[in-house]
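K.L.:
Here it is: the structure, laid out below.
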Amino acid sequence: MRRRFFVERFESNAAALRGDAAEHLGRVLRAEPGQLYELSDGERVWLARVENVALSKRGDNRIDFALVEPVSARETPFQIDLLISLVKFDRLEWCLEKATELGADKIVLLAAARTDKPLVAAAEKRHARWERILLESAQQSRRLRPPALYAPAAPQKAFAQSSAVCKILLSERPDAPRLRDVFERISGDRGSRSASAALAIGPEGGWTDEEIAAARAAGFAEASLGENILRTETAVLAAMAILRYALVG
């Protein structure tokens, strides 16, 4: 299966890959003229042939392609938004990677009341790195485009701005209903599968009562993944897989 890379745009019958992606393709994968790769501009995918490889020690890397033929590709019409509280960055980056592979369309970072304040302060400097992780993960999983990444926001604001049809707030509270039961209720209320969903995952210290109240006011249903307390990265993987199975099929 051919590797896929993202380009800014297609120009007539040509395209160019620049920067770090060009360096990776040229130096690590040793791209040569004549080789074929898939290119996406976020809307379309083309099979493209390498025409020229130009690598520079100064970082002005560029690989030119000639477009060969269009490739059939599309994203699922079902949209998944992940609202995730900031956690230790090594674990957060793992979450970003796996959420991309599982089809997240939008990732909203949350600065919850119990989020460590140093993480919030340092998040801005990591934004470019996190966008690069999303891009590389989207290329690896052969998606049409990487997810959109939003800077940390207060949960109350993020909840209120969510326009998803199905909204789930994962909760550690012992009286929270099982996620399966919540899905069944939502499906029964609407009579069919939803076209979009938002999944909110809180910080290691859990949601405050005020945040849960704000989520409910915004239409989020509180749900539990079971008796065991899961790490954030485990909850992301489990909940998104369940979500896709239950609502996408």
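K.L.:
Under a GNM of the chain (C-alpha, springs under 10 Å), which listed residue has the highest mean-square fluctuation: G202, G103, G34?
P.N.:
G34
K.L.:
What do you get when you divide the Cα radius of gyration of the stretch 4-71 by 2.2 N^0.38 Å, with N the number of residues?
P.N.:
Working: Rg = 10.9 Å, N = 68, 2.2 N^0.38 = 10.9 Å.
Dividing the Cα Rg of the stretch 4-71 by 2.2 N^0.38 Å gives 1.00.
K.L.:
For A238 and S12 in one chain, what is 0.36 nm times their gap in residues minus the Cα-Cα distance, to one decimal in nm? Mind showing how you got there, number by number?
P.N.:
On the way: separation 226, 0.36 × 226 = 81.36 nm, distance 4.30 nm.
Extra length from A238 to S12 when fully extended: 77.1 nm.
K.L.:
Given a Förster distance of 22 Å, report the FRET efficiency between H24 and E75 from their Cβ-Cβ distance, rounded to the nearest 0.05.
P.N.:
With a Förster radius of 22 Å, E is 0.40.
K.L.:
Rank-order 71-78, 237-244 by packing density, defined as the average count of other C-beta atoms within 10 Å over each peptide's residues, highest first. Intermediate values should be presented prior to the final figure.
P.N.:
Numbers: 71-78: 12.0, 237-244: 18.2.
Highest mean packing first, the order is 237-244, 71-78.
K.L.:
Within the stretch 90-125, name every residue whose backbone N is under 20 Å away from a label modeled 7 Å from Cα of R145 along the Cβ vector.
P.N.:
In the stretch 90-125, the label zone of R145 (backbone N under 20 Å from the point 7 Å along Cα→Cβ) covers 96-109.
K.L.:
Ok, one more. Restricting to lysine pairs 8 or more places apart or on different chains, what number in the chain have Cα atoms under 30 Å apart?
P.N.:
22
K.L.:
Arrange the following residues from fewest to most other Cβ atoms within 10 Å of their Cβ: R58, R114.
P.N.:
Neighbour counts put them in this order, fewest first: R58, R114.
K.L.:
Compute the length gained on full extension between N228 and D60: take 0.36 nm times their separation in residues and subtract their Cα-Cα distance, giving the result in nm to one decimal. List each step's numbers first, then the result.
P.N.:
Working: separation 168, 0.36 × 168 = 60.48 nm, distance 5.03 nm.
Gain in length upon complete extension: 55.5 nm.
K.L.:
What FRET efficiency do you get for R216 and R129 if R0 is 35 Å and r is their Cβ-Cβ distance, rounded to the nearest 0.05?
P.N.:
Working: r = 34 Å, r/R0 = 0.98.
E between R216 and R129, to the nearest 0.05, is 0.55.
K.L.:
Let me ask something else. Determine the calculated [θ] at 222 nm for the chain from helices alone, applying -39500 (n - 2.57) to every DSSP H run no shorter than 4 residues and normalising by the residue count; nearest 500 deg cm²/dmol.
P.N.:
Computed mean residue ellipticity for the chain: -10000 deg cm²/dmol.
K.L.:
Further question: I'd like the distance between the alpha-carbon centres of the stretch 35-102 and the stretch 106-127, rounded to an integer number of Å.
P.N.:
25
K.L.:
How much length would be gained if the chain were fully extended between R91 and V68, taking 0.36 nm per residue of separation minus their Cα-Cα distance, in nm to one decimal?
P.N.:
Length gained, R91 through V68: 4.3 nm.
K.L.:
Under unit Cβ charges (Lys, Arg +1; Asp, Glu -1), what dipole magnitude, rounded to 20 debye, does the chain have relative to its Cα centre?
P.N.:
Rounded to the nearest 20 debye, it is 360 debye.
K.L.:
Provide the FRET efficiency to the nearest 0.05 for the K117-R178 pair, computing r from the beta carbons and using R0 = 22 Å.
P.N.:
The formula returns an efficiency of 0.10 here.
K.L.:
Between E32 and D209, with labels modelled 7 Å along Cα→Cβ, what's the label distance in nm to one decimal, could you check?
P.N.:
Once both label points are built, they end up 7.0 nm from each other.
K.L.:
If you fit an axis through the alpha-carbon atoms of helix 179-190 and take the longest principal axis of the Cα set of the chain, what angle between them do you get, 0 to 90°, nearest 10?
P.N.:
Helix 179-190 sits roughly 90 degrees off the main axis of the chain.
Values in this text are rule-based calculations from the coordinates and carry no lab data. Just so you know, these numbers come straight off a predicted model, no measurement behind them. As a convention, Cβ positions derive from the backbone with ideal geometry for all residues, glycine included, and neighbour counts pool all protein chains shown.
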